[in-house]
Amino acid sequence: MSFVQAPPALGNQYDDDPALRSLLARLLPPPVLAGVEPGLRRMGGISAELYPAQLADRLSEPVLTQWDAWGSRVDRIELTPLWRTAERIAAEHGVVATAYERAHGRLSRIHQFALAYLFTPSTDIYACPLAMTDGAARVLTDSGNRALIDRAVPHLTSRDPAAFWTSGQWMTETVGGSDVGGTGTEARRDADGGWRLHGRKWFTSAATSQMALTLARPEGNPPGGRGLALFYVETRGEDGSLRGIRIDRLKDKLGTRKLPTAELTLDGTPAIPVLGLSDGVRSIAPMLNVTRTWNAVSAVALMRRGLALADDYARRRTAFGALLAEQPLHADTLAGLRAEWMGALHLTFRVAELLGAQEAGDLDDAGRALLRVLTPLAKLTTARQAVAVASEVVESFGGAGYVEDTGIPMILRDAQVLSIWEGTTNVLSLDTLRALDSAGGVGTVRAEVERCAAQVADPALVPLVQAAARATERAEAWLEDAMRGGRAEVEAGARRFALTLGRALEVALLASHAQWETDRGERDAARAARRLAAHGMDQVSNFAGMMMEQALQAEVAG
């Protein structure tokens, strides 16, 4: 056995990503791009340098030690070497701080999420605590609670690793994850007039964070979501001991195994109300909007990593007398995956663009309505794409893709969390319906598709935006028809409806960018847009036709 297959390798992940560079060249004015590009290139190099360390650290996982040698309860979590490195890199390079320094105004979120996109794939989902940290900084900043802002936000947005904090987001209990109305954790007054939390949090990611935002029900409050309040918790005292918190165990998960996700018991944990003693779900909503955007960024980042490895491998692997990259079917398969990733990239960064404008106070009512709708749509659409693309990436390596020590299966296992964390596809589909209701209906999405269409003139691209408009119109017609059938009919089709809108938006946004590229003599986005449109957008009409065909078949058989 003299032959040894060369494994895939990574170059600078910024320089090797023409889709990202093209997108940023359109979204950022030349002076801004020139200012941020050196940092993005550094992060692209760090991402490539960390990849071998990530593979070498593959078997390391966080370890919980509950008792010391003398019988004292310590509940200490030892993180993996790569996670400790990731925390330092994230702080020093401002992966959270960039959004709050706002050096480029409304464009700062685009800069920040480009950094996060490059950082995420080589750092074993360290994006999870960063997402919650970003969300916590947003909630506290918006709350107007000056004492908490002054206490925590400088830590959450620091570039100094010694001062940098991460935040947890403790919502899930055994009664439910997305359905938090049944939260059993109770907030009770202590003798000094402060608040202490008592209860159990069943799924708390990043359990080593220095602080957390959590939901609890102040004693005497009514049941349901409106009776909950949002509380601020610092997890450890000055001596390093946990403050009324017991770590019961770490979760044994399918993926994200470097992320210490714990079950916690709160037994008199000191806490401070963030914004009143009710409506906690509403108070934490800004955090969810930020973390859902991070979820979409992580989805496109993992898709990009899988494709980078698959593309490189295809130029190294020979089968049946030719490189995989030269074999039409293999090349066509990768082209289809590339189209899905590029559509997801453009939808995600449209949300980033809108979020940055909102935070800069530079978004009108129509833009705010669009952001409310696009946030759940981008999260659910890109998450489903990430799982599908990651599965195909595994297959593109053949048997090697199924072998754990190649590192390829990890991409699929980690991608699977994206359609679960921060709300499943079904939950986000229902959130989309609520967002559309508050935003005035599907017209909000239709207007965005029309905005994209107005920018397209190339005869090869016009049919794509027309197809996106038709898919949006069919989704709107379906919703109107379903509403006549009652709420159950609307909810039953909400997933197909939301995915239709998400995919139509991706095609429209990618086609619009393709026009920008075409004007500059480039065609990569145009090829991807045509391919993405060919994959299909309209899931509501297709499903209705399938159901009608089944009914006819049943009638004939009868």
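What value does region 104-260 have for Rg/Rh, both radii from Cα atoms and Rh as Kirkwood defines it?
0.97
Express the Stokes-Einstein translational diffusion coefficient of the chain in µm² s⁻¹, to the nearest whole number, given a Kirkwood radius over alpha-carbon pairs, 37 °C and a viscosity of 0.692 mPa s.
133 µm²/s
Find the accessible area per residue for region 43-103; the probe is 1.4 Å, ligands and nucleic acids are left out, and the unit is Å².
Per residue, region 43-103 has 49 Å² of solvent-accessible surface.
With a ≥ b ≥ c the root eigenvalues of the C-alpha gyration tensor of region 435-500, is it rounded (a/c under 1.5), prolate (a/b larger than b/c) or oblate?
Judged from the Cα gyration tensor, region 435-500 comes out prolate (a/c at least 1.5, a/b above b/c).
Could you list the GluC sites (Glu not before Pro) in region 162-249 that lie in coil according to DSSP, counting only those with at most 15 other Cβ atoms within 10 Å of their Cβ?
In loop regions of region 162-249 (DSSP not H, G, I, E or B), the sparsely surrounded GluC sites (Glu not before Pro) are Glu219, Glu238.
Could you rank Ile89, Ile420 by how accessible they are, 1.4 Å probe, largest area first?
In descending accessible area the options line up as Ile420, Ile89.
Compare Thr185, Thr444 by solvent-accessible area with a 1.4 Å probe and give them largest first, with all protein chains kept in place. Can you show the working numbers first?
On the way: Thr185 0, Thr444 20 Å².
Heavy-atom accessible area, descending, gives Thr444, Thr185.
Using a 7 Å offset from the Cα along the Cα-to-Cβ direction at both Asp252 and Ala488, what is the distance between the two label points in nm, to one decimal?
4.0 nm
How large is the accessible surface per residue of region 114-224, computed with a 1.4 Å probe and reported in Å² as a whole number?
Accessible area per residue, region 114-224: 34 Å².
Take the Cα coordinates of region 216-362, assign each an equal point scatterer, and use the Debye formula without solvent to give log10 I(q)/I(0) at q = 0.09, 0.11 Å⁻¹.
Log10 of I(q)/I(0), two decimals: -0.56, -0.74.
Any chance you could look up the accessible area of Phe164 with a 1.4 Å probe, heavy atoms only, rounded to 10 Å²?
Probe radius 1.4 Å; accessible area of Phe164 about 10 Å².
Could you work out what % of the accessible surface of region 124-224 is carbon and sulfur, using a 1.4 angstrom probe and leaving DNA, RNA and ligands out of the count?
Working: 1850 of 3760 Å².
Looking at region 124-224 in its full context, I get 49 percent from C and S.
Could you please state how large a percent of the accessible area of region 25-99 is carbon and sulfur, counting protein chains only and using a 1.4 Å probe? Before the final figure, lay out each step's value.
Numbers: 2070 of 3660 Å².
Result for region 25-99: 56 percent of the exposed heavy-atom area is carbon or sulfur.
Only four residue types carry charge here, +1 at the Cβ of Lys and Arg and -1 at the Cβ of Asp and Glu. Report the dipole size of the chain about the Cα centre in Debye, rounded to the nearest 20.
So the magnitude is around 260 debye.
What accessible area per residue, rounded to a whole number of Å², is obtained for region 384-534 using a probe radius of 1.4 Å?
Per-residue accessible area for region 384-534 comes out at 42 Å².
Helix-only mean residue ellipticity at 222 nm, the chain, DSSP H runs n ≥ 4 weighted -39,500 (n - 2.57), per residue, nearest 500. What is it?
-19000 deg cm²/dmol
Placing one identical point scatterer on every Cα of region 56-197 and ignoring solvent, what is log10 I(q)/I(0) from the Debye formula at q = 0.09, 0.10, 0.13, 0.18 Å⁻¹?
At q = 0.09, 0.10, 0.13, 0.18 Å⁻¹ the computed log10 ratios are -0.38, -0.47, -0.78, -1.21.
What does the accessible area of Asp279 come to, in Å² to the nearest 10, when a probe of 1.4 Å is used?
Accessible area, nearest 10 Å²: 40 Å².
Sort Val4, Val233, Val281 by accessible area with a 1.4 Å probe, largest first.
Val4, Val281, Val233
To two decimal places, what compactness ratio does region 149-211 give when its Cα radius of gyration is scaled by 2.2 N^0.38 Å?
Numbers: Rg = 14.7 Å, N = 63, 2.2 N^0.38 = 10.6 Å.
Rg over 2.2 N^0.38 Å, computed on Cα atoms: 1.39.
Just the number, please: carbon plus sulfur as a percent of the accessible area of region 334-452, 1.4 Å probe, no ligands or DNA/RNA counted.
Carbon with sulfur: 53 percent of the solvent-accessible area.
The values are calculated or read from the model by the stated rules, or taken from the named source; none is laboratory data. What you see is a predicted model, and the numbers here were worked out from it, not measured in a lab. All Cβ positions, glycine included, derive from the backbone under ideal geometry; neighbour counts span all protein chains shown. Each accessible area value is taken on the protein alone, full model and side chains, heavy atoms only, with ligands, DNA and RNA left out. Shrake-Rupley method; radii C 1.70, N 1.55, O 1.52, S 1.80 Å.
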